[in-house]
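Have a look at the structure below, then the notes.
The values are calculated or read from the model by the stated rules, or taken from the named source; none is laboratory data. Note that the coordinates shown come from a computational prediction; the quantities given were computed from them, not determined experimentally. A quick note on method: Cβ atoms are made from the backbone with ideal geometry, for glycine too, and the neighbour counts reach across all protein chains shown. Remember, those area values only see protein heavy atoms, side chains included, never the ligands or the DNA or RNA. Shrake-Rupley method; radii C 1.70, N 1.55, O 1.52, S 1.80 Å.
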Amino acid sequence: KWSTYQFEEDTLNLIFSQFNNTQNRQHIFSRLLALNSIYSTELDTKKMIILADVLIDHTIGCNLSNYIPDIVDEIRTAYKATYNYDPYSFISKYFSHINEDAYPIFDWYVKTMLLWYKSKFEDFDFEISDLEHYDSFKAIIEDFIRVFELNCSLRSADKFLWTAGKEFFPQYVYENLIEKYKPT
C-alpha cells in the first residue's frame, strides 16, 4: 500500500535535492513548506520560519548526510523553548528526507505498531519512554529489524510500520496500548 504515497515522497525528494543549501533560510523554508503540505502537519508559517532558523543554528558545519546523534532531540528542545510545541515527528521527517537510510520517521502510526509488536512478542522489548528520545527510537527500529530477522533498511521498516499502523490501528487501540504499559 505504500506505493500510493510514492509520488508525494518522490516530490519531497526532488524538493530536498533542489533546495539543498542547509544554511539558506529560503531553501530550508521551502523544504518545510513542502513537508507541511504533503504530510498535513498544520504548522503555521510563523512556526516554520522559527523552525528554519533553529535548523540553521543547530546544523552549521554539520554533514547532514551522515547520522548525527542527538540532533533531532537538540532541535526539538530548542524549538520548544520558543513554542510550547514539540515538532518531533516533523523534525524526523525533515532529516529522513535528507538521509532516509539513517533517519527513520517517528510518527503516531509507527509508535502504535511498535507498541503492538512489544505487546505480542517478548523478544521485542523496550521502555515506552525510549520512544520519546530519537536516538533510542532509532535503536528500537534497528532492534525490530534484528529481532524479526528482516532484510531491510530503516526506511523500509518505518514505511511498513506506518502503513500497517494506518491500516490496522484506530485511535482507541493506541490508547489501550498506552494504558497497558503505563508505569505503576
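I need the trypsin sites (Lys or Arg not before Pro) found in region 1-59, filtered to DSSP loop residues with at most 12 other beta carbons within 10 Å of theirs. Numbers along the way, then the final one.
Working: sites: LYS1, ARG25, ARG31, LYS46, LYS47; in loops: LYS1.
Counting only loop positions with at most 12 other Cβ atoms within 10 Å, the trypsin sites (Lys or Arg not before Pro) in region 1-59 are LYS1.
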Region 33-166 - charge dipole about Cα centre, Lys and Arg +1 at Cβ, Asp and Glu -1, debye rounded to 20 | 500
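Ignoring any ligand, DNA or RNA, what whole percent of the accessible area of region 1-130 comes from carbon and sulfur when the probe is 1.4 angstrom?
Numbers: 3200 of 6610 Å².
Carbon-and-sulfur percentage of accessible area, whole number: 48.
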In square angstrom, what is the accessible area per residue of the chain with a 1.4 angstrom probe?
-> 53
Per-residue ³J(HN,Hα) for region 110-120, Karplus 6.51 cos²θ - 1.76 cosθ + 1.60, θ = phi - 60°, Hz, x for Gly and Pro | 5, 4, 4, 5, 4, 5, 5, 4, 4, 6, 9
So how tilted is helix 25-39 from the main axis of the chain? Cα-based, degrees 0 to 90, rounded to 10.
-> 40
Relative pair counts by distance (%), Cα atoms of the chain, 10 Å bins | 9, 36, 36, 16, 2
For the chain, find the longest principal axis of its Cα atoms and tell me its angle to the long axis of helix 134-147, 0 to 90°, nearest 10.
-> 50
Rounded to whole Hz, the Karplus (6.51, -1.76, 1.60) HN-Hα couplings of region 48-58, x for glycine and proline = 5, 5, 4, 4, 4, 5, 4, 4, 4, 4, 9
Relative to the longest principal Cα axis of the chain, at what angle does helix 171-180 sit, 0 to 90 degrees, rounded to 10?
-> 60
